[in-house]
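The values are calculated or read from the model by the stated rules, or taken from the named source; none is laboratory data. Nothing here was measured: the structure is a model prediction, and the numbers come from that model. So basically every Cβ, Gly included, is an ideal-geometry build from the backbone, and we count neighbours across all protein chains shown. When the accessible area is computed, the model is the full protein with side chains, heavy atoms only, and any ligands, DNA or RNA have been set aside. Shrake-Rupley method; radii C 1.70, N 1.55, O 1.52, S 1.80 Å.
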Amino acid sequence: MTEKEECFFCQIIIGSIQSKKVYEDDHVLAILDANPASAGHILLMPKSHYPTLQALPEEIGKHLFVTTKRLSHTLLRTLKQQGVSGTSLFLAEGKDAGQKAQHCILHIIPRREQDGINLQLPQNQVPPGALQELQDKLKMSVMKEGR
Ligand SMILES: [Zn+2]
């Protein structure tokens, strides 16, 4: 079996596995997460099999983000009466970042006041010079890699 044939989300995209679709076009599919972090939790994915964000072509990436904005707005507008006052976006790139799916997935999570979802990031202290060193290294690297 190919990577695509083994992919749970590719099976959803072709319809072999049922899902609750909320949006679909030629390039992306959005479904309700069957095990949501909160009511209305959406999984947005490219319809072609890209295992990571890195594998995603730039044009599909742009479309994915434009669709994210649209779906976030829809959640805010439509679930306002259910207390939704914000959305959090989550994309895990790599196992250590929490990626479990073998397909690039962007989570759009509706947020309510004191909903108990913990996405608080630590705010660490860094040694003097460390930020400068990182800035120099990353700035140089991103320029080399270009588009
Ligand atoms: Zn896939």
Taking only protein heavy atoms and a 1.4 Å probe, the highest-to-lowest accessible-area order of His41, His73 is His73, His41
In segment 1-64, the trypsin sites (Lys or Arg not before Pro) that sit in a DSSP loop and have at most 13 other Cβ atoms within 10 Å of their own Cβ are Lys20
From highest to lowest solvent-accessible area (probe 1.4 Å; ligands, DNA and RNA excluded), Ile17, Ile105 read Ile17, Ile105
Once all protein chains are kept in place, Met140 shows an accessible area at probe 1.4 Å, nearest 10 Å², of 120
What helix-only [θ] at 222 nm does the chain give? Using -39500 (n - 2.57) per DSSP H run of at least 4, over all residues, to the nearest 500, the answer is -10000 deg cm²/dmol
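With the other protein chains left in place, how much accessible area per residue, in square angstrom, belongs to the chain at a 1.4 angstrom probe?
Numbers: 10560 Å² over 147 residues.
For the chain, the per-residue accessible area is 72 Å².
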Once all protein chains are kept in place, Leu43 shows an accessible area at probe 1.4 Å, nearest 10 Å², of 10
With all protein chains present, the chain has a carbon and sulfur share of its accessible area (1.4 Å probe) in percent of 54
Scaled by the rule-of-thumb 2.2 N^0.38 Å, the alpha carbon Rg for segment 5-68 gives a ratio of 1.09
Counting only Cβ distances under 4.7 Å between cysteines, those in the chain with no partner are Cys104
Cα-Cα longer than 24 Å, checked against Lys20/Lys47; Lys21/Lys95; Lys21/Lys80, kept in input order, equals Lys21/Lys95
Distance in Å, no decimals, from the C-alpha centre of segment 1-16 to the one of segment 101-147 is 30
In a Gaussian network model of the chain with springs linking alpha carbons closer than 10 Å, the residue among Gln18, Gln114, Gln99 that fluctuates most is Gln114
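Calculate, for Leu76 and Ala55, the FRET efficiency according to 1/(1 + (r/R0)^6) with r their C-beta to C-beta distance and R0 25 Å; round to the nearest 0.05.
Calculated transfer efficiency: 0.25.
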